[in-house]
Amino acid sequence: FVIELIKIYFGEISVSKTIFGLSFVACVCAFSIPVQAQLPVERVLTHDVAGTMARVAVETCVAAGAEVSVHVVNIHGETIASLRGDNTRPYTFENSYEKAYTAMAFRRPSAEYQDEYAEGNPTRVQQADFPNIVAIAGGLPFFVGDEILGGIGVSGGNNQTNNDCGQAGIDAVADQLR
């Protein structure tokens, strides 16, 4: 059948025409095979998990005598849950978002970023000008295995309290982050 098609299309068969025709048919066949694209699979941070993290972080800080705001962001930096504690200072809400974003973006605690910035690391100094990046402790990334899922940021207490409250939020959902 293929040879008949080649005869109709090319006329009299020669070796070079036959090779060209067979190559053409092979290419058409190769490109007609459906290709399955491998789409990335992404874990989704649910509002239930994020809400629990934020609530536990605020409650932990209140128990420690700190009035805080908390943000929980996903891997795209989108806020999934946020809470402004009672009697918090006006800057804490925005600051908690930036801490969560920084921890998520750099996949490390914002306290480590703060230390490198304070030491004059030229890369960290330049990155501090990026939107939503802040060199202040209180932001923690959280993972499912080695895969980043998001960040939690706490603002209003001292650095240690903010970190401890954020960790309490992560610990509260640890069984769901597997």
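Rolling a 1.4 Å probe across all protein chains gives Phe130 an accessible area of roughly 100 Å². Amide H contacts of Leu149 (H built 1.01 Å from N, in plane; Pro and chain starts excluded): Phe142, Phe143, Val144 sit under 5 Å, all sequence-distant by 5 or more or on other chains. Counting only protein heavy atoms and using a 1.4 Å probe, the accessible area of Ser110 comes to about 0 Å². Counted by Cβ distance under 13 Å from Ser155, the other residues give a net charge of 0, where Lys and Arg count +1 and Asp and Glu count -1.
Charging the Cβ of each Asp and Glu at -1 and of each Lys and Arg at +1, and nothing else, the dipole of segment 81-178 about its Cα centre rounds to 180 debye. Each residue of segment 101-107 in order: what ³J(HN,Hα) in whole Hz does its phi give by Karplus 6.51 cos²θ - 1.76 cosθ + 1.60, θ = phi - 60°, with x for Gly and Pro? Once θ is set to phi - 60°, the couplings for segment 101-107 become 4, 4, 4, 5, 4, 9, 6 Hz. Of the residues Thr92, Val56, Ala103, the one whose Cα sits farthest toward the positive end of the charge dipole of segment 38-108, with +1 on the Cβ of Lys and Arg and -1 on the Cβ of Asp and Glu, is Ala103.
The values are calculated or read from the model by the stated rules, or taken from the named source; none is laboratory data. What you see is a predicted model; the values in this text were computed from it and never measured. Cβ: placed from backbone, ideal geometry, glycine included. Neighbour counts: every protein chain shown. Just the protein is used for accessible areas: all its heavy atoms, side chains included, with ligands, DNA and RNA removed. Shrake-Rupley method; radii C 1.70, N 1.55, O 1.52, S 1.80 Å.
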